[in-house]
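Undergrad: Quick one: structure below, then a few questions.
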Amino acid sequence: MRLRHLACAAALAVALPACAVAAGEHTSILDAETLRIGVKGDQPGLGLRTGVDTYSGFDVDVAYYIADYLGVDRADVEFVQVTSEEREDVLVDDDVDLVLATYSITQLRKTVVNFAGPYYVARQDILVRADNTDVQGPEDLAGERLCQGAGSNSANRIIEERGIPAQRVERPTYSECVDLLAVGVVDAVSTDDLILAGYLAEKPSAFRLVGEPFTSEKYGIGIAKEDIAGCEAVNRAVTLMYQDGTAERLLDKWFGQTGLNLVTTVPQFEGCG
């Protein structure tokens, strides 16, 4: 019997209406025969669109693992490309069932959606051009043109939280920021180290990763706010993914050659609800 059927039976046993959903409400992922999962499409190593309906990367592999744990066949997983700015909207509008898209857990976002995980804790770092030796940390970004993807908090971490007067430049995606960095339109791109390492791996002679991480970014699995049972099931899947060695294998597969200090122990969960 599939996990979702067991969960429904348990819910009914305690007279909770977890499997009876009123019209217009989200259904639980525990009842799903298929899963629509939002992922990035322009982040090498994490979520990269490789064909009309195909994606590759760490987030994609984690999504497949979770789907398998929930009893959903690989062929019944549909990936939907999302930008940082769209992640809450696609969950609230029920366009996807889950979001695995370098989706950092924040208190503000938790007012709108629920989060399982984190499934990884990344660190914010800085990417500059290879010939730029002046930037050695966030304090060196004062007066520099700093690019972030729309819907991201990365520039706020530097400008507002640290009081460093960088010049904010915003583009719809981080791949566009990296393109601007390559041609000198901006001076730096700052976001999670896994994201930056993926771009660096594509053009190692063009860029330099500063290597002075300064925040912790908890990657969560976005899910509809009311789907507590589904969220808890995803947490169990993530725990098993680390315990059976899959997380370590996937991190090594995608980032083992980047030089990052990868963490392969189960992250401390935020809790559903």
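Undergrad: Restricting the search to region 142-165, which residues are within 25 Å of the chain's Cα centre (by Cα) and aliphatic (A, V, I, L, M)?
TA: L146, A150, A155, I158, I159
Undergrad: Of everything in region 34-49 that's farther than 12 Å from D192 by Cβ and assigned to a loop (DSSP other than H, G, I, E, B), which residue is most open to solvent (accessible area, probe 1.4 Å)?
TA: Once the filter is applied, the top-ranked residue is T34.
Undergrad: Tell me which residues, restricted to region 161-204, are of a type in the set (K, R) and over 27 Å from V263 (Cβ atoms).
TA: Scanning region 161-204 gives R168, R171.
Undergrad: Just give me the residues in region 62-72 being open to solvent by less than 30 Å² (accessible area, probe 1.4 Å) and in a helix (DSSP H, G or I), in sequence order.
TA: Passing the criteria: V62, A63, I66, A67.
Undergrad: Restricting attention to region 218-249, and to residues there that are basic (K, R) and not in a loop (DSSP other than H, G, I, E, B), which single residue is surrounded by the most Cβ atoms within 10 Å (Cβ to Cβ)?
TA: Applying the filter and picking the extreme gives K218.
Undergrad: Could you please give the count of residues in region 92-147 that are part of a helix (DSSP H, G or I) and either open to solvent by 20 Å² or more (accessible area, probe 1.4 Å) or in contact (Cβ under 8 Å) with a residue 60 or more places away in the chain (or both)?
TA: Going through region 92-147 one residue at a time, the tally reaches 8.
Undergrad: Out of (1) over 20 Å from the mean Cα position of the chain (by Cα); (2) in a helix (DSSP H, G or I), the odd one out for R208 is which?
TA: (2)
Undergrad: While we're here: What residue, of A188, A237, A201, A247, is modelled with pLDDT of 95 or more and more than 18 Å from the chain's Cα centre (by Cα)?
TA: Only one candidate qualifies: A188.
The values are calculated or read from the model by the stated rules, or taken from the named source; none is laboratory data. These numbers were taken from a predicted model, which means no experiment stands behind them. Virtual Cβ from ideal backbone geometry, glycine too; neighbours counted across all protein chains shown. Heavy atoms of the whole protein, side chains included, go into the accessibility calculation; ligands, DNA and RNA do not. Shrake-Rupley method; radii C 1.70, N 1.55, O 1.52, S 1.80 Å.
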